[in-house]
Amino acid sequence: MVQKIPVRETLLILILICVLAARGAPVDQAANAWAQVPAILAHIKPPKFPRREVSVAKYGAIGDGVTDCTEAFRKTIDACSAAGGGVVVVPNGIWLTGAIHLKSNVDLDVKKGATIRFSADPKQYLPPVFARYEGTEVMNYSPLVYAFEQTNIAVTGEGTLDGQGTNWHSWKSSGDPKRLVEIAGFGVPVAQRVFGDGCHLRPNFVAPIRCQNVLIEGMHIVNSPMWVINPVYCTNVTIRNVTVDTQGPNTDGCDPDSSADVLIRNCNFSDGDDCIAIKSGRDRDGQKINIPSRDIVIQNCRFKAGHGGIAIGSETSGGIRNVFAENCHFDSPDLEMAIRLKTNPARGGYIEGVYLRDCVIKQAQIGIDMTLRYASSGAMDGDAVPVIRNIDIRNTTFQELTKQPIFIEGWSESAPITNVSIIKCRFLHAAEKNYITNATDIVMDGSRF
């Protein structure tokens, strides 16, 4: 005899099934997302170079820390590229130079015991070149190490790059980036956005732009004028075994900007701003260009001082998606936010598909910080409210937090941060309580506070 289940009980069972399915969805979504990582990594292959070496000393460079080696670096790189590529060797010594411009099929190999010390004279970085300044296209001082529309390039070795950044940091208060953002918003062509001499917009340190197949490996990078490693419009980028140690305003450690297929592995960061900050252009200029950052993998990195350890934004105008971080370690009382997502209504765009797992935050001020109200000049007057959604953080331990474990702040009830899963995380000690407002579908299954 078949026993009939009353209608009321049937409805309760169906409701329970739906609830359990909904709770299981973030886990399935995260598992499906992480399953993409092997395919992403298969696309990221470091460039290879001909077994041809030439020393900068052959073309007149002298490693005494006094002689200007700018022309010798240029001649060596040009000759190496013209010969079909190879390795430009920087041997033991202190090599003083202005801007270094890499060319296709050239690996700049800075040997252990070698330091490239970059000139503090701004005129060494003229004429202006095409760049992005905080996500806005501009003709500005050349980055210290620059490449434009090149293929197969590298900066490698166990040596040091010294940007002598303290000579540039005072420009923070005298430069006028707001004017650049305004004229870009009015549609002034990039060729007419000429800043450079006298405008006090600091150059970034290592900036390949519109390049393919990029490797930055092994370096110790110190004293940056501004952002340290800044691939812009690049594809297939490997950054590994690099140590960044720099203080001063806006000295982000690594800023992939509108770039795809990027691996950041086994790196150490201690910075005066965000350690890693993923970006995709700023405001109307970035919205017009509309190139996302996507398919970015961060593995086995260590973060000390900085505003954010792993940060996304605030420049999100082209969108950011498919960011994966795992097995990272955060440890400093001077680290303001371990995980940081930030944007505002001037930016537009989106942050979606961010996945973090198996990390340890030993010390920080805030564990997880997400906001659609990131403050900057004119930011709250924008009409392009961005989206933050589909964020998954799991199996991560937060040991000592001097402020909130979690801070989540959407724009409004009608423009919330949504679909955030914080699964099986442990928050062992925090001085304050969670703050969550204008947010929906926040799941904290298995997390302990």
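If every alpha-carbon in the chain counts as one equal scatterer, what log10 I(q)/I(0) does Debye give at q = 0.08, 0.09, 0.10 1/Å? Relative scattering, expressed as log10 I(q)/I(0), comes to -0.46, -0.58, -0.70. Among the DSSP beta bridges whose two residues both lie in the range 331-406, what percent are antiparallel, rounded to the nearest 5? Restricted to the range 331-406, the bridges split so that about 0 percent are antiparallel. Shown for Ser224, Ser259, Ser104: other C-beta atoms within 10 Å of each C-beta, ranked fewest to most, produce the order Ser104, Ser259, Ser224. Whole-Hz Karplus values for the range 300-307 come out as 6, 9, 10, 10, 10, 5, x, 5 Hz, taken residue by residue from phi with 6.51 cos²θ - 1.76 cosθ + 1.60 and θ = phi - 60°; glycine and proline positions read x.
Expressed to the nearest 5 percent, the antiparallel share of DSSP beta bridges inside the chain is 5 percent. Each of Ile116, Phe130, Asn250 was placed along the dipole of the range 116-261 (beta-carbon charges, centred on the mean Cα), and the one lying farthest toward the positive end is Phe130. Here the extension length gained between Val37 and Glu71 equals 8.0 nm, from 0.36 nm per residue of separation less the Cα-Cα distance.
Given their separation in residues at 0.36 nm each and the Cα-Cα distance between them, Lys48 and Ala384 gain 116.7 nm when the chain is fully extended.
Anything over 19 Å Cα to Cα? Flag those among Lys75/Lys112; Lys58/Lys111; Lys112/Lys304; Lys123/Lys279; Lys178/Lys304, in the order listed.
On the way: Lys75/Lys112 22 Å; Lys58/Lys111 16 Å; Lys112/Lys304 24 Å; Lys123/Lys279 29 Å; Lys178/Lys304 30 Å.
Exceeds cut-off: Lys75/Lys112; Lys112/Lys304; Lys123/Lys279; Lys178/Lys304.
Here the mean projected area of the convex hull built on the C-alpha positions of the range 396-436 is 3.2 nm². Ranked by the mean number of other Cβ atoms within 10 Å of their residues, highest first, the peptides 35-43, 152-160 come out as 152-160, 35-43.
Here the sum of -39500 (n - 2.57) over DSSP H runs of 4 or more residues, divided by the residues of the chain, equals -4500 deg cm²/dmol at 222 nm, to the nearest 500.
Run down the lysines and flag those whose C-alpha is under 19 Å from the C-alpha of Lys424, throwing out any fewer than 8 positions away in its chain. Straight-line reach from Lys424, under 19 Å: Lys362, Lys433.
Positive end of the charge dipole of the range 271-340 (Lys, Arg +1 and Asp, Glu -1 on Cβ, about the Cα centre): tell me which of Gly286, Ile339, Gly308 has its Cα farthest that way. The one lying farthest along the dipole's positive direction is Gly286. Computed about the Cα centre, the dipole magnitude for the chain is approximately 740 debye when only Lys and Arg (+1) and Asp and Glu (-1) carry charge, each at its Cβ. Placing a pseudo-label 7 Å from each Cα along the Cα-to-Cβ vector at Leu428 and Arg448 gives an inter-label distance of 1.1 nm. A straight chain from Glu400 to Glu158 at 0.36 nm per residue would run longer than the Cα-Cα distance by 83.8 nm. Projected onto their three principal axes, the Cα atoms of the range 301-367 cover extents of 33, 21, 14 Å, largest first.
Quick note: the coordinates plus some simple rules give every number you see, no bench work behind them. As the structure is a computational prediction, the values presented were derived from the model and not from experiment. Don't worry about glycine lacking a Cβ; one is built from the backbone with ideal geometry, like all the others, and counts go over all protein chains shown.
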